[in-house]
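A.B. asks: Structure provided below as structure tokens; questions to follow.
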Amino acid sequence: MSDLKVTLIQTKLHWEDIDANLNMFNEKIDSIKERTEIVILPEMFSTGFSMAPEKLAEKMDGKAVQWMAKKAAEKNIIIGGSLIIEEDGEYFNRFVWMQPNGVAGTYDKRHRFAYAGEDKHYSAGDTRLIASVKGWKICLTICYDLRFPVWQRNQINPDTNAPAYDLLINVANWPERRSTAWKTLIQARAIENQVYAIGVNRVGDDGNGIYHSGDTSLIDPLGEILYRKSHDEDIFTTTLERAKLDEIRKNIPFLRDADKFQLF
């Protein structure tokens, strides 16, 4: 199977200003000079982590989703990040996985951050999304999901005798005051699931004066930190090596010894 080129964008966000954020990401994506296949943006990239979905939510044909479709087609890339989406009178923190052909996969955040009141404003999802790109299986998660390892547990698929996924992506607005947990958990998820793990976080103060240090990270399946950036904005493009992943799994095939279970 082929290698995979990914770009991680760590940035400040304009608080509850959709147009300003879309213009900003337009410029940042245009500035990418290397060839890339997937561009990952933070959680609620068009608004910041807001508890005001009534005034900010859009439908799946809204401005930010349309921007993702246009930009993905223009650059022939996949763009992933979460948005505030309204559907049938409910609000969701939704990971939109926009492909260049305009087809979007979606994942609604399962674990809402009650400490900030997210559970009072947003409905929970109940289904994982495993995207497929060039033979890679990619598990999409959002921020607080990272604390709940069962939701992300990799298992051997009995039909294919292969792990369920190869790459974990988490998009976040994770505050600096809990950065130790962020850095530890993204590393742990890579090790225990024997996958590459990407965590894309924002930087700077949000509209509530909460500071975010970023610490956007790429971890390999052995838990080695391949990239981590703190405090500063950054655009990082790299190649995920398929042969490295396959070799690690061949030499240390511990996933086959894992406990089997079902999620409900």
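A.B. asks: Within segment 38-54, does at least one residue satisfy the condition of being over 18 Å from the mean Cα position of the chain (by Cα) and either at positive phi or basic (Lys, Arg) (or both)?
C.D. replies: There is no residue in segment 38-54 that is over 18 Å from the mean Cα position of the chain (by Cα) and either at positive phi or basic (Lys, Arg) (or both).
A.B. asks: Turning to a different aspect of this structure: Provide a single number: the residues in segment 227-261 that are within 15 Å of Ala190 (Cβ to Cβ) and loosely packed, with under 13 Cβ neighbours inside 10 Å.
C.D. replies: Qualifying residue count for the region: 2.
A.B. asks: Would you say Thr180 is farther than 23 Å from Ile32 by Cβ and within 13 Å of the chain's Cα centre (by Cα)?
C.D. replies: The answer is no for Thr180.
A.B. asks: Would you confirm whether any residue within segment 69-81 is closer than 26 Å to Glu27 by Cβ, over 15 Å from the mean Cα position of the chain (by Cα), without any contact (Cβ under 8 Å) to a residue 12 or more places away in the chain and surrounded by fewer than 20 Cβ atoms within 10 Å (Cβ to Cβ)?
C.D. replies: Scanning segment 69-81, I find at least one residue that is closer than 26 Å to Glu27 by Cβ, over 15 Å from the mean Cα position of the chain (by Cα), without any contact (Cβ under 8 Å) to a residue 12 or more places away in the chain and surrounded by fewer than 20 Cβ atoms within 10 Å (Cβ to Cβ), so the answer is yes.
A.B. asks: Contact list please: Cβ distance under 9 Å, first residue in segment 248-264 and more than 27 Å from Thr127 (Cβ to Cβ), second residue part of a loop (DSSP other than H, G, I, E, B) and aliphatic (A, V, I, L, M), pairs at least six apart or on different chains.
C.D. replies: Close Cβ pairs satisfying both conditions: Ile248/Leu222; Ile252/Leu222.
A.B. asks: Separate question: Only residues that are part of a helix (DSSP H, G or I) and surrounded by 14 or more Cβ atoms within 10 Å (Cβ to Cβ): list them for segment 120-145, please. Write out each step before concluding.
C.D. replies: Taking segment 120-145 first, the residues part of a helix (DSSP H, G or I) are 120-121, 143-145.
If the condition is that a residue be part of a helix (DSSP H, G or I) and surrounded by 14 or more Cβ atoms within 10 Å (Cβ to Cβ), then His121, Cys143, Tyr144, Asp145 are the ones that fit.
A.B. asks: Can I ask one more? Of the residues that sit in segment 146-179 and are in contact with a Phe, Trp or Tyr (Cβ under 6 Å, 6 or more places away or on another chain) and farther than 10 Å from Asn193 by Cα, which one is surrounded by the most Cβ atoms within 10 Å (Cβ to Cβ)?
C.D. replies: Across segment 146-179, the extreme among qualifying residues is Trp174.
Read-outs throughout are calculated quantities, based only on the coordinates presented, and are distinct from any laboratory measurement. Computed from a predicted model, the values in this text were never measured in an experiment. Neighbour counts are summed over all protein chains in view; Cβ atoms, including those assigned to glycine, are modelled from backbone coordinates with ideal geometry.
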